[in-house]
1. For segment B:1-48, which trypsin sites (Lys or Arg not before Pro) are both in a DSSP coil and crowded by at most 12 other Cβ atoms within 10 Å?
2. Karplus couplings for segment A:37-47 from phi (6.51 cos²θ - 1.76 cosθ + 1.60, θ = phi - 60°), rounded to Hz, Gly and Pro as x?
3. Work out the FRET efficiency for A:PHE123 and A:ILE252 from their Cβ-Cβ distance, taking R0 = 56 Å, and round it to the nearest 0.05.
4. Please report, as a whole percent, how much of the solvent-accessible surface of the protein assembly as shown comes from carbon and sulfur atoms (probe radius 1.4 Å).
5. Pull up all non-local amide H partners of A:LYS213: gap of 5 or more, or a different chain, and H-to-H distance under 5 Å with H placed in the peptide plane.
6. Taking Cα atoms, how many degrees apart are the long axis of helix A:139-149 and the longest axis of chain A, rounded to 10 and kept between 0 and 90?
7. Determine the shielding of peptide A:85-94 by partner chains: average, over its residues, the number of Cβ atoms on other chains within 10 angstrom of each Cβ.
8. Pull up all non-local amide H partners of A:GLN85: gap of 5 or more, or a different chain, and H-to-H distance under 5 Å with H placed in the peptide plane.
Amino acid sequence: MSEIVIEAVGLYKDYSGFQAVKGIDFEVRKAECFGILGPNGAGKTTTMNMVQGRSPLSGGELRVFGMDIGKNPRRIKARMGVVPQENNLDPDLSVIENLRVYARYFDIPKKPALRKAEDLLEFISLLEKKDEKITNLSGGMKRRLLLSRALVNDPELIILDEPTTGLDPQARHLVWQKLRGLKKAGRTLALTTHNMAEAAQLCDRLVIMDNGKILDEGSPRELLKRHVRGSVFEFTIGTEGTDDLLACLNTINYETETSGDTIFIYTDDAESVLREISSFTRVGFVHRQATLEDVFLKLTGRELRE
Amino acid sequence: MIELLTPPRVGRRAFKVWQRNRDTWLKFYKASLVGNLAEPILFLLAFGLGLSQFISDIEGVPYIEYIAPGLMVAAVMNAATMECIFGAFTRMSAQKTYDAIMVTPVNIEEIAAGEILWGASKGFFSAIVILAVLIPWGLVSSPWLLLSPLLFLVEGLMFASLALIVTAFSPSYDYFAYYFSLVVSPMFFFSGVFFPLSALPAWVRTVSWFMPLTHAVNLSRGFSTGDLPASLLLDAAWMVVFTLLSSWLAIKLIKRRLVK
């Protein structure tokens with residue numbers, strides 16, 4: 001049994017009448033990457049705010065490193081690094097000063113702090129920008145700097161709130177690569193995201209949240225197996241021949257779902273579907289493997305949030 | 001309400017927030033120095049020299065010497081207020097600096113306390129700079145001036161706390177205009193900086209007794225002239241009590257605003 005880093009039992013948060021988190025249980029184990037997935041307003045950020053000690057619990061229990069977050073916030077925060085969703089780098093300071101001043105909040109003396117800062121800038125490929133102003137950095141550079149700032153205190157646990165939102169693919173892949181490296185080095189990662197590719201890339205285990213509740217949890221593979229079949233076909237409704245095609249498919253074991261102008265067909269027997277479709281040459285379709293996104297949409301529904 | 005009455009948990013880490021502000025200020029302290037000096041010197045020249053043609057002296061003191069002690073404490077008020085209003089509000093909202101700090105071992109109360117200490121430091125500094133000009137100019141002279149740094153410090157803490165209370169309540173920059181027009185400006189003109197309050201109707205004197213700057217002006221004038229009536233002890237006590245209350249409240253209100 002591996003060590004538990006975060007343990008939430010009946011975690012509950014109420015904002016003057018609005019229940020943002022409705023009594024959830026989860027645990028994050030040492031050296032794993034744990035993800036919280038959910039649409040906007042699901043309660044992910046609220047949950048993370050409670051873990052960071054920024055938001056007091058309305059109910060339930062929350063232990064980080066075995067300590068109660070309400071009773072030992074300082075000792076917990078000293079061992080934790082946080083990458084926020086929004087940039088809150090200090091614009092009054094240069095790149096390296098940001099790290100140096102942040103290290104001071106953790107009682108790290110100047111010399112080791114500057115040494116650490118250079119190492120971290122090297123790690124995220126920003127060393128040549130060390131004296132640059134924050135306003136002169138691109139979005140991707142800022143996010144990398146936020147990541148390195150979260151590492152100044154050598155945290156055992158790193159919390160990331162949508163770490164790659166708004167990044168271009170190159171920057172996103174670099175961040176993912178760094179995060180995988182951190183996990184390999186034994187750090188525990190807990191992240192929120194609504195990017196399914198990110199969750200599939202990084203997370204060992206994840207929970208899917210909606211409306212303040214956890215809908216399911218497991219590894220990406222387990223969730224796929226539990227909720228969707230291996231292949232997905234997408235057809236556009238109203239295209240000539242689609243209705244006839246669907247009628248032909250009833251000998252095959254499949255599930256179907258309609259959303260807007262698209263029909264989704266989920267099946268483990270892609271070959272049979274392909275064989276049937278081949279006689280309808282005029283029907284356009286997309287055939288792909290099922291992904292976490294299908295699981296996510298199946299569990300949380302397709303209606304627009306917020 | 002109960003939350004407001006429990007003592008703030010402020011430790012040594014408040015100093016780290018002070019250091020953060022000092023580090024950023026040191027980058028452009030020269031510009032800051034000019035700003036600190038320019039306004040009070042302008043007042044001294046305009047009112048002190050200009051008006052002295054018409055006002056021979058007040059309470060036996062040449063007019064320019066009469067206003068000098070008050071201008072020092074008015075400078076403390078202005079510098080501490082500006083810092084804990086515009087500076088602190090910018091760090092709290094636009095820059096989200098507090099959000100970044102509060103996930104470290106520094107807690108929210110220490111962030112607020114650090115801001116108050118820093119606002120007080122800026123107030124202190126701006127008055128010391130003026131004092132350094134007034135002494136060689138010969139406008140103030142008394143061994144009691146040795147006590148004025150202590151006055152500037154307490155006064156700085158007082159106005160920094162008061163400003164941070166306003167910051168804790170303000171939804172946007174626009175609301176600061178109320179504080180400046182309705183509180184800071186009346187204090188500047190009706191706290192005895194430019195003329196004795198005895199010249200005013202009794203009700204104005206009553207109102208000005210409730211203005212923090214009045215007590216700072218009384219003490220500063222006492223230290224500058226060496227004329228120390230016993231009532232100055234009451235002024236000092238007033239300031240200490242008010243500073244304790246307002247700093248407590250400022251820390252609590254900033255916490256209430258930032259905790260989600």
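1. Taking segment B:1-48 and a limit of 12 other Cβ atoms within 10 Å, the loop trypsin sites (Lys or Arg not before Pro) found are B:ARG12.
2. Whole-Hz 3J(HN,Hα) from phi for segment A:37-47: 9, x, x, 4, x, 6, x, 5, 5, 4, 4.
3. Working: r = 51 Å, r/R0 = 0.91.
Once the sixth-power term is evaluated, E becomes 0.65.
4. Values: 15030 of 25510 Å².
The nonpolar share, carbon plus sulfur, comes to 59 percent.
5. A:LYS22
6. 50 degrees
7. Rounded to a whole number, the mean comes out at 5.
8. A:ASP161
The values are calculated or read from the model by the stated rules, or taken from the named source; none is laboratory data. Please read these numbers as outputs of a predicted model, since none were measured by experiment. With ideal geometry, Cβ positions are generated from the backbone for all residues, glycine too; neighbour counts draw on all protein chains shown. Accessible surface areas use protein heavy atoms only, side chains included; no ligands, DNA or RNA. Shrake-Rupley method; radii C 1.70, N 1.55, O 1.52, S 1.80 Å.
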